[in-house]
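Structure first, commentary second.
Derivation of every value follows stated rules applied to the coordinates shown; laboratory data play no part. Here the structure is a predicted model, which is why all the values come from computation and not from measurement. For neighbour counting, all protein chains shown are included, and Cβ atoms are generated from backbone atoms with ideal geometry for every residue, glycine included.
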Amino acid sequence: MANFSSIKEMLEKMLLPIANEVIEKLEYEGETLELTTTLLADGGEELIFSHEKLDIPFDSIQVIVDPLFFRQNAKKIIENYDRAYHGIAKNPRWESIGISVKKGISVNVNQLSFISLYSSFEGNNKSKQIKLKDIIKNVTFPDIKNRILVTLSFEEAEKDKKKQIEDAKKTLSSLFKDPIIKTFEIDKRGGGYYGFIALF
């Protein structure tokens with residue numbers, strides 16, 4: 001398992017080489033959903049990375065997220081990229097993936113997708129909590145080569161984070177033949193996240 005000090009370091013050192021190697025140009029147009037998330041990690045670090053490093057225009061980045069979380073985490077984006085908020089918010093879907101899973105609504109994503117599960121979307125009843133594996137089952141990936149999925153688990157207990165990531169990896173492996181999966185851990189000072197990047 002690779003270890004990083006922050007989400008930004010993971011994106012630049014782990015995701016960027018994979019993306020550069022397999023994606024000549026990300027396909028995007030108008031309403032196309034490029035990024036999927038239930039939380040903007042570290043103030044939208046994944047969005048800024050995708051814009052700066054992968055040349056995705058902000059207005060081609062659509063976010064599936066609870067509006068409260070979008071408003072709370074958009075400050076960094078607005079401060080550094082004054083036009084970015086309006087581009088990202090142009091065609092938003094103000095509903096979390098967790099809610100979509102509960103309703104049985106399939107979520108369409110594109111070649112590059114980010115899925116983060118934050119515990120507050122799970123509710124107090126452990127038996128009814130949404131898991132990353134459930135979200136992966138509910139997502140419709142495009143029928144193309146070189147899809148990239150980046151996941152994060154925000155469970156509080158380290159044991160629960162690791163289990164959620166392992167279960168999600170098994171689910172992805174059962175749905176797609178021989179995915180390449182690389183797991184990572186973010187230092188506690190950088191958020192304490194566990195996750196994986198999958199190429200399939």
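The table below gives the values:
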| quantity | calculated |
| --- | --- |
| Highest average packing first - 15-22, 109-116, Cβ atoms within 10 Å | 109-116, 15-22 |
| Per-peptide average of other Cβ atoms within 10 Å, ordering 182-193, 156-167 highest first | 182-193, 156-167 |
| In nm, spacing of pseudo-spin labels at ASN146 and ASP59 (7 Å Cα→C-beta vector) | 2.7 nm |
| Segment GLU156-LEU175, length gained on full extension (0.36 nm per residue, minus Cα span) | 4.1 nm |
| Gain on full stretching of the segment that runs from ASN108 to LYS76 - 0.36 nm per residue minus C-alpha separation | 8.8 nm |
| Efficiency of FRET from Cβ geometry, GLU21 and ASP187, R₀ 41 Å, rounded to 0.05 | 0.95 |
